[in-house]
1. Evaluate the charge dipole of segment 29-171 about its Cα centre and quote only its size in Debye, nearest 20, assuming +1 on the Cβ of each Lys and Arg and -1 on the Cβ of each Asp and Glu.
2. Please grab the % of Cα pairs in segment 1-76 that end up more than 19 Å from each other.
3. Could you tell me the center-to-center distance, by alpha carbons, between segment 297-331 and segment 212-242 in angstrom?
4. Could you name the lysines whose alpha carbon sits less than 30 Å from that of K342, not counting residues in the same chain fewer than 8 places away?
5. Which of the aspartates and glutamates could a cross-linker bridge to K182, judged by Cα under 14 Å and excluding same-chain residues fewer than eight apart?
6. When we measure straight from the Cα of K209, which lysines land under 17 angstrom away, once same-chain ones fewer than 8 places off are left out?
7. What's the center-to-center distance, using Cα atoms, between segment 147-166 and segment 60-112 in Å?
8. Pull out a ≥ b ≥ c, the square roots of the eigenvalues of the alpha-carbon gyration tensor of segment 1-133, then state rounded if a/c is under 1.5, prolate if not and a/b is larger than b/c, and oblate in the remaining case.
Amino acid sequence: MRSGGAAARIAVIPGDGIGAEVTPQAVKVLKAVTAPAKRPIEFVEFDWGADKYLREGVTLPAGAVEMLRDEFDAILFGAMGDPRVPSNQHAADILLGLRFKLDLYVNARPVELLHERLTPLRDRTEKDIRLMVIRENTEGLYVGVGGFFKKGTADEIAVQEDVNSRKGVERIIRYAFEYARKNGLKRVCMSDKSNAMTFAHDLWQRVFKEVRQEYAEMNSRHLYIDTLAMEMVRDPRQFDVIVTCNLFGDIISDLGAQLAGGLGLAPSGNIHPGRTSLFEPVHGSAPNIAGKEIANPLGSVLTSAMMLEFLGWKPEAVILRTAVRTALHENFVTPDIGGDKKTAEVGDWIASHAAKSVSASS
């Protein structure tokens with residue numbers, strides 16, 4: 001929250017495809033839950049995306065990163081990706097650019113089953129699937145270090161470097177432990193592939209063993225990433241917080257999302273504690289359904305709840321999560337999860353439910 005009692009300023013970047021459809025629903029819901037609670041909030045929309053890139057050749061405008069860092073509390077992001085830009089250059093420059101340039105080193109992906117009918121696992125209830133994946137977000141294989149030799153020939157060689165710093169590994173592991181402690185959770189699992197990646201993930205092993213000593217009250221353990229994937233499917237109840245590297249976190253969080261009902265319900269936060277952070281649903285731009293009014297806005301609403309909690313407005317965040325759970329139980333949802341409602345209809349329903357809940361609690 002900005003100092004001096006000023007309104008929280010939110011930069012809104014709807015982006016491409018269904019991002020332009022679900023993001024307005026999230027803004028609508030945020031206005032509905034914050035207005036009766038007298039939470040001052042201001043939205044400023046930016047048209048960064050494929051249309052601007054194709055029209056002007058601009059991805060992130062000059063000075064954009066500094067402006068977001070200095071003038072906004074958070075960024076509400078829609079989605080990036082458009083078949084008219086096969087290279088996806090604009091998406092890389094904007095989303096990955098903001099992650100790296102704002103040093104958003106935490107990618108937080110909650111995995112929570114909100115209705116038991118949504119999980120592909122047999123005989124699992126809502127209490128069985130409730131965990132947080134903490135993914136390192138600024139290092140690893142995604143930093144773009146590498147290159148080609150003899151590209152396009154039969155002798156081509158492609159090299160991609162996995163970059164892990166002591167600082168980067170320690171701060172994400174420490175964040176995972178602090179998240180668990182703050183939220184009353186007792187189990188932290190670090191996952192790597194140190195039996196094969198004997199340099200990069202040896203660093204993860206050593207740092208984890210050092211940091212875990214500071215959190216003696218935690219049940220902390222290590223699993224190789226392949227074992228973790230199997231265990232998440234076999235018995236997700238055993239996990240509270242999982243922390244891992246950029247690539248593995250990307251994969252394992254999508255696995256978790258599917259266990260909880262699919263990407264349409266999956267929120268995420270790209271966070272640097274105490275600084276401007278970015279919140280986005282992870283379903284992507286889905287150009288195949290864009291414009292059909294069937295995009296699921298619940299992932300964006302749950303993302304908005306994460307943003308509210310980041311701003312320090314936890315009661316309103318709880319109200320939004322409760323509204324989503326209620327919509328699922330009443331089946332007032334889009335076709336992808338078994339309903340027959342349009343995107344805006346679901347947004348209107350959530351907004352109305354949230355506003356009534358705030359008024360009832362005040």
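The values are calculated or read from the model by the stated rules, or taken from the named source; none is laboratory data. Predicted, not measured: the structure shown is a model, and the values here were computed from it. We place every Cβ from the backbone using ideal geometry, glycine too, and count neighbours over all the protein chains shown. Just the protein is used for accessible areas: all its heavy atoms, side chains included, with ligands, DNA and RNA removed. Shrake-Rupley method; radii C 1.70, N 1.55, O 1.52, S 1.80 Å.
1. Using Cβ point charges on Lys, Arg, Asp and Glu, segment 29-171 gives about 400 debye.
2. 43
3. Each part reduced to its Cα centre gives a spacing of 26 Å.
4. The qualifying lysines are K28, K31, K38, K52, K127, K292, K314, K356.
5. Partners within reach: E217, D240, E309.
6. Reachable lysines: K167, K186, K193.
7. One Cα centre to the other: 25 Å.
8. Oblate is the answer for segment 1-133, as a/c is 1.5 or above yet b/c matches or exceeds a/b.
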